[in-house]
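Here the structure comes first, spelled out in structure tokens, and everything after it is commentary.
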Amino acid sequence: MQFGLAGKTALICASTSGLGRATARALAEEGVNVVVTGRSAERAKEVAAELPGAVGVGCDLVADGGAERLLAAAREAVGDLDILVLNGPGPAPGPARATDTAGVAQAVATLVTPQEILVRGTLPAMVEKGWGRILSISSTSVQAPLPNLSLSNLGRAALAGYLKTLAAEVAAQGVTVNSLLPGRIATPRARQIDEAAAQRTGRPLDEIEAASKATIPAGRYGEPDEFGAAAAFLCSTQAAYITGTALRCDGGLVPTL
Ligand SMILES: NC(=O)c1ccc[n+]([C@@H]2O[C@H](COP(=O)([O-])OP(=O)(O)OC[C@H]3O[C@@H](n4cnc5c(N)ncnc54)[C@H](OP(=O)(O)O)[C@@H]3O)[C@@H](O)[C@H]2O)c1
């Protein structure tokens, strides 16, 4: 596709696998100079080597000072960022009745604090240029909270509220702020979740997967590249009038409008 992004720069958080990697690939194919990241610097460099114009940087986003270090390394590699894609790990699962103060702090430290630091660090250059894209890889759980993921539901909702507030503040400066919500996309993490369920219940993996797919109107998991294509569109020049929104990429999973 022709998304008018050639020569733009992008930091894609947590992009050595799965959704982040597919997003990095889609943007690199549009001529964006992308920074690929993950905790392993070696893996980040390997993944970046497969993409045109990409650079790999190793950094733990959730560690103290991680977001600041990542931002500095990304700037050093490609200059000021035109596109920031927020992504990362989630907190431990568990029911809402079992949450505690430490868990809440962990959820915020994982899903809110590094993201806010990255946004605060990249926004001034975007506003000055009059062009920018901030895209959060989130989850359909911000619209339909998932059982037994109370800390994830809590942290993702907090980030979504902050980004929605921001979207209105910077819309007139050419900066869009959106979220893309995966349902079940066939990434290594999705596979791990099914394998864990198989182990927990003693049922075969293919039975677990079939039951999960049966809840999705499309009847299958999404492909990472389908997700990456949607992410690239939300970052495109054509999507300039789409901001403050959350787009589901879920094969019809969430039943509400
Ligand atoms: N796949 C789905 O269907 C789905 C649905 C809803 C929500 N999500 C959410 O989307 C996010 C990405 O999921 P995915 O399926 O793409 O997972 P994935 O395939 O396991 O990829 C996870 C990526 O995150 C990186 N990462 C993990 N911890 C990190 C840290 N502390 N600092 C920096 N990078 C880190 C990993 O690299 P390293 O291991 O090298 O650090 C890897 O690149 C997760 O938050 C997940 O909960 C996914």
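The values are calculated or read from the model by the stated rules, or taken from the named source; none is laboratory data. Everything quoted here is computed from the prediction, not taken from an experiment. Cβ placement follows ideal geometry from the backbone for every residue including glycine, while neighbour counts extend to all protein chains displayed. We work out accessible area using only protein heavy atoms, side chains counted, and drop any ligands, DNA or RNA first. Shrake-Rupley method; radii C 1.70, N 1.55, O 1.52, S 1.80 Å.
Of note:
- Pick from the stretch 128-142, criterion more than 18 Å from the chain's Cα centre (by Cα) and in a helix (DSSP H, G or I), ranking: surrounded by the most Cβ atoms within 10 Å (Cβ to Cβ): 129
- Residue list for the stretch 194-253, filter: more than 28 Å from residue 170 (Cβ to Cβ), in contact with a Lys or Arg (Cβ under 8 Å, 6 or more places away or on another chain) and in a loop (DSSP other than H, G, I, E, B): 216, 219, 220, 221, 251, 253
- There is at least one residue in the stretch 16-39 that is under 19 Å from residue 61 (Cβ atoms), free of Cβ contacts under 8 Å to residues at least 24 places away in the same chain and in the same structural domain as residue 227 (by TED's automatic domain parsing).
- Scanning the stretch 84-127 for residues that are assigned to a loop (DSSP other than H, G, I, E, B), open to solvent by 20 Å² or more (accessible area, probe 1.4 Å) and not charged (D, E, K, R) gives 87, 88, 89, 90, 92, 93, 95, 99, 112.
- The one condition in (1) touching a helix residue (DSSP H, G or I) at 6+ places or on another chain (Cβ under 8 Å); (2) part of a helix (DSSP H, G or I) that residue 178 fails to fulfil: (2)
- For the stretch 194-228, the tally of residues that are among the hydrophobic types (A, V, I, L, M, F, W, C) and loosely packed, with under 15 Cβ neighbours inside 10 Å stands at 6.
- Within the stretch 159-180, the presence of at least one residue that is among the basic types (Lys, Arg), surrounded by fewer than 19 Cβ atoms within 10 Å (Cβ to Cβ) and in contact (Cβ under 8 Å) with a residue 24 or more places away in the chain is confirmed.
- Taken together, the criteria exclude residue 37 from residues that are in contact with a helix residue (DSSP H, G or I) (Cβ under 6 Å, 6 or more places away or on another chain), of a type in the set (S, T, N, Q), under 19 Å from residue 158 (Cβ atoms) and modelled with pLDDT of 95 or more.
- Only one entry of 13, 59 meets the criterion of being within 7 Å of the ligand (Cβ to nearest atom) and either charged (D, E, K, R) or open to solvent by less than 10 Å² (accessible area, probe 1.4 Å) (or both), and that entry is 13.
- When the stretch 92-118 is limited to residues that are more than 11 Å from the ligand (Cβ to nearest atom) and closer than 22 Å to residue 18 by Cα, the one that is farthest from the chain's Cα centre (by Cα) turns out to be 92.
- When residues in the stretch 159-200 are screened for being of a type in the set (S, T, N, Q), farther than 20 Å from residue 231 by Cα and either within 14 Å of the ligand (Cβ to nearest atom) or not assigned by TED's automatic domain parsing to the domain that holds residue 19 (or both), 2 of them pass.
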